[in-house]
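Any read-out appearing in this document is the output of simple, stated calculations on the displayed coordinates, not a laboratory observation. Note that this is a predicted model, so its numbers are computed, not measured. Note that we place each Cβ from the backbone using ideal geometry, even for glycine, and neighbour counts take in every protein chain shown.
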Amino acid sequence: MNRKPCEFIVVSNKKTLKELSESKDMGAKLIAGANKAIVVIADGNLADTWVEDSSIALTHMHLMATELDIGSCWVQVHLKTKGDQDCEDVVRDILNLDSHYRIVGILAFGHSNKTPRPYTPEDIDKSKIRYID
Ligand SMILES: Cc1cc2nc3c(=O)[nH]c(=O)nc-3n(C[C@H](O)[C@H](O)[C@H](O)COP(=O)(O)O)c2cc1C
């Protein structure tokens, strides 16, 4: 419906990057060492496709970063926890966001110390593809 619910917060501030790196139990520590991170937020009142729209945005930024020789890593926020807190609540607190903003994830940027080889068609697990002819 072309509602465009996504907004983007570009974080360069080291203190905020550190806070975001501690926003969930596991898998966010790398943000502390990132040069920048983009938090994708979406107005959940505007569109019920906020998960899909945010994921599309994250994926395309991920691909573009690679194209520009910039390392990036997706950090999941939605459905994750920090202790007994919802990770989305923790990130909303850090960024002073209203509760109608939903947060699928954060893309952290930097220079990778190792570059994985690109996937090739041979890497595709063909057993996961079903055909209806
Ligand atoms: C939806 C999604 C959520 C992810 N969340 C995290 C995360 O919270 N922390 C992290 O270090 N990596 C995260 N990743 C990166 C994955 O760990 C990574 O994509 C996976 O290990 C496969 O590596 P590859 O993307 O190089 O094939 C996430 C990736 C996706 C697609």
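Remarks
- Taken over the range 6-112, lysine pairs spaced eight or more positions apart, or on distinct chains, with alpha carbons under 17 Å apart number 12.
- Over all Cα atoms in the chain, the spread is summed up by Rg and Dmax: 16.3, 55 Å.
- For Asn2 and Lys114, a Förster radius of 41 Å and the Cβ-Cβ distance give a FRET efficiency of 0.55, rounded to the nearest 0.05.
- For the pair Arg130 and Val51 in one chain, pulling the backbone fully straight at 0.36 nm per residue adds 25.9 nm over the alpha carbon distance.
- When you restrict to C-alpha pairs under 8 Å that are six or more residues apart and normalise by the size of the chain, the relative contact order lands at 29 percent.
- Charged side chains reduced to their Cβ positions (Lys and Arg at +1, Asp and Glu at -1) give the chain a dipole of some 440 debye around its Cα centre.
- Its DSSP H runs of at least 4 residues, each contributing -39,500 (n - 2.57), put the calculated 222 nm mean residue ellipticity of the chain at -8000 deg cm²/dmol, to the nearest 500.
- Estimated inter-spin distance, His62 and Ser99, nm [label 7 Å along Cα→Cβ]: 3.0 nm
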